[in-house]
Amino acid sequence: MNKNQNLNSKADFSIKDKYLFEISFEVVNKVGGIYTVLTSKISALLKYISRDHYFLVGPYFKEKAQGEFIEKKPPIFLQKIFKELETEEIFCHFGEWLTKDNPNVILFDFSNIKEKISEIKKYLWEKFGVDSLKAPEDFDISLLFGFAVGKFFEKIQNPDFILHFHEWQSGSALLYLHSSGFPTVFTTHSTVLGRTLAGNGIDIYSKDIDVQKEVFNLNITAKHSLEKAIALNADVFTTVSEITAEECEKFLGRRPDIVLPNGLADESFLNFEDLTISHRLLKSRLNEFLFYYFFPYYSFNIKKTLYYFFTGRYEFQNKGIDIFIEALSELNKILKKEKGSKNIIAIFWAPIQNNKGIRPELSNSREIYLDIKDDFEEITQEVEENFLYYLLTQKPLDKNGIFGREFISNLERKIYRLKKEGLPPLTSHLIDEESDPIIQSFKKFNLLNNKDDKVKVVLYPIYLTGHDGLLNMTYREALIAGHLGVFPSFYEPWGYTPLETAALGVCSVTSDISGFGKFIEDNRQNQDGGIFILKRKNSNRQEIIDRLTKILYDFSQFSKRERIENKIMARQLASLANWDRFILNYLKAYELSLKKKM
């Protein structure tokens with residue numbers, strides 16, 4: 001397979017007369033990036049297939065479905081099958097996924113067939129050599145889902161159906177239907193072994209790996225053997241990047257037939273002027289956050305402050321959080337030595353499930369700050385009139401005359417209540433700091449939020465829903481508010497976050513061992529900036545940290561004009577990863593699966 005195969009090919013194949021079913025454990029069940037892949041490409045795909053011929057298939061979890069799924073009466077050709085499955089304790093829910101395109105969805109409730117697990121495992125062992133002797137609970141759940149999906153399609157047997165399975169969690173259905181005659185496509189978005197090795201700090205790109213030995217040592221035999229069986233038995237095997245294609249060949253014994261990179265839909269690329277206005281407004285909300293997070297302890301020049309950030313799954317090594325923190329420490333030393341006016345606030349938007357809520361002292365500071373802000377809003381008109389009076393009469397400005405003596409007195413009392421001793425906290429929420437890798441790394445590398453530090457840090461360990469009771473920002477708003485997103489991944493088959501960041505007109509850092517970083521490296525034409533590629537491949541740790549420190553430092557020295565120029569370049573590069581372009585590879589995969597059944 002050649003580099004970037006088919007990315008610029010014209011679509012010469014239509015699936016409008018076929019039925020396409022995409023099966024994934026993340027349909028109406030957000031777990032990771034596959035959810036974004038599925039939802040973002042629907043519009044592009046529906047240009048080539050009728051809405052009535054396209055179905056997404058996933059698990060039914062009542063709590064997850066609320067607000068994402070609306071149940072409807074199924075089409076006639078499904079009603080009989082649903083009733084037949086009910087007699088086998090498999091319950092199907094048909095409806096629409098409440099995304100922009102509201103696609104058809106079939107969700108399977110398999111909670112009543114748990115006694116089937118031994119039968120399923122026996123079949124997979126005898127037929128495909130899947131060793132599930134010491135399988136974890138999530139493996140069993142995936143097998144039950146796959147079994148339910150397999151039973152469904154077994155009752156249809158329609159040659160016009162194309163089945164596309166995402167990840168090993170849904171792929172057992174592919175094995176169950178192996179002899180059914182359906183054209184099948186399997187996409188692995190990462191390999192089980194690759195992700196696990198990387199999570200243990202092993203460089204899978206520059207080290208020879210004894211696959212069977214590592215699978216056994218890491219206790220992932222069940223998942224790995226299932227994933228390998230699916231890859232070897234799919235009509236068409238695909239993955240999301242060239243770098244992961246190499247990984248698949250090494251670990252699964254089959255090189256993918258086609259690469260299916262992850263893109264963004266057209267609506268992700270908003271008008272640059274609108275993004276500029278949004279950035280200004282949202283950055284002011286971050287500034288307010290600093291007022292009640294840092295300013296009760298000490299103050300600094302807010303106008304000379306840049307926001308660097310990380311957001312994503314809390315994978316300390318895989319996502320490169322570890323080297324980001326070390327590079328920030330080096331940057332802090334450089335900026336302190338230079339004694340400049342620039343400040344860096346590095347925010348880590350990294351959710352932790354067992355956080356115990358907002359720090360009480362932070363809630364208290366926020367309430368006092370908002371009270372002060374409300375007081376100012378109440379007297380805005382009066383202050384404006386008084387201020388204009390002093391200007392027009394050319395009298396010396398007097399704060400008591402402008403604001404009123406009583407207002408000043410009340411304000412001073414509230415500001416006194418806002419002041420606190422000690423240092424600003426390292427995290428916005430109560431967590432077990434002694435066991436938290438990010439907090440411990442802050443401490444290890446002396447990022448303690450001292451007054452003289454030029455780099456200050458905040459761990460914000462909750463999901464950005466827009467109504468968290470503190471900042472109340474959505475994930476998208478948090479990206480737009482920042483200046484530089486830093487995602488120096490150690491293991492990243494694709495990498496949506498730097499792409500989403502760049503598409504929103506915010507500069508980002510990715511690495512040359514991420515799928516997206518390699519894609520940009522191969523496709524950028526005489527453009528240096530916007531999206532910065534950190535060289536990690538075949539490099540030692542100190543070299544990597546030094547390079548990242550230089551990227552962070554150089555960006556901090558940009559003028560406002562240079563930052564704007566880089567924002568424009570970031571958007572231009574992100575536009576290369578557009579679903580209208582990438583969807584053509586999906587069509588090629590479907591065409592190939594049909595040809596293999598002829």
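Observations on the model:
- Take 483-495, 337-349 and order them by the average number of nearby Cβ atoms within 10 Å per residue, most first; the result is 483-495, 337-349.
- Peptides ranked, highest mean first, by Cβ atoms within 10 Å: ranges 448-460, 141-153: 141-153, 448-460
- Pairs of Cα atoms in the stretch 298-416 fall into 5 Å distance bins, from 0 up to the last occupied one, in shares of 2, 8, 11, 12, 12, 13, 13, 9, 8, 6, 4, 1, 0 percent.
- Descending semi-axes in Å of the chain, equivalent ellipsoid built from Cα gyration tensor: 49, 27, 24
- Its Cα centre serving as origin, the stretch 4-143 has a Cβ charge dipole (Lys and Arg +1, Asp and Glu -1) of approximately 500 debye.
- Calculated SAXS-style log₁₀ I(q)/I(0) at q = 0.12, 0.15, 0.20 Å⁻¹ - the stretch 153-248, Debye, Cα scatterers: -0.42, -0.62, -0.95
- Taken over the stretch 362-423, the convex hull of the Cα atoms encloses 91 Å³ per residue.
- Approximate spin-label separation R51-E565, in nm, with each point projected 7 Å along Cα-to-Cβ: 4.6
- Cα pair distances exceeding 19 angstrom across the stretch 453-525, given as percent: 45
- Estimated FRET transfer efficiency (R541, E433; beta-carbon r; R0 35 Å; 0.05): 0.90
- Sites L411 and K356 - FRET efficiency at Förster radius 30 Å, r taken between beta-carbons, to 0.05: 0.35
- Euclidean distance of C-alpha centroids, the stretch 497-550 and the stretch 418-451, integer Å: 28
- The chain - share of DSSP beta bridges that are antiparallel (%, nearest 5): 20
- Computed over the stretch 237-348, the quotient of the alpha carbon radius of gyration and 2.2 N^0.38 Å is 1.55.
- Three principal axis extents of the stretch 27-140 based on alpha-carbon atoms, in descending order, are 43, 33, 29 Å.
- Taking 1.567 mPa s as the viscosity and 4 °C as the temperature, the Stokes-Einstein diffusion coefficient of the stretch 42-85 based on its alpha-carbon Kirkwood radius rounds to 101 µm²/s.
- The modelled label-to-label distance between K597 and N158, using points 7 Å beyond Cα along the C-beta direction, is 1.1 nm.
- Pairs from K339/K560; K444/K518; K213/K537; K41/K283 whose Cα-Cα separation, in the structure shown, is over 22 Å: K444/K518; K213/K537; K41/K283
- C-alpha center-to-center spacing [the stretch 361-410, the stretch 212-240] in angstrom: 66
- The stretch 427-485 shape via C-alpha gyration tensor axes, a/c threshold 1.5: oblate
- Non-local lysine pairs in the stretch 67-202, meaning eight or more places apart or on different chains, with alpha-carbon distances under 15 Å, amount to 10.
- Here the stretch 68-111 was treated as a single set of alpha-carbon atoms; its pair distances binned every 5 Å from 0 give 5, 23, 29, 21, 14, 6, 1 percent.
- Relative protection proxy for 169-182, 433-446, from highest mean packing down: 169-182, 433-446 (other beta-carbon atoms within 10 angstrom).
Bear in mind that the values in this text are calculations on the coordinates, not laboratory data. Since this is a predicted model, take the numbers as computed values, not measurements. So basically every Cβ, Gly included, is an ideal-geometry build from the backbone, and we count neighbours across all protein chains shown.
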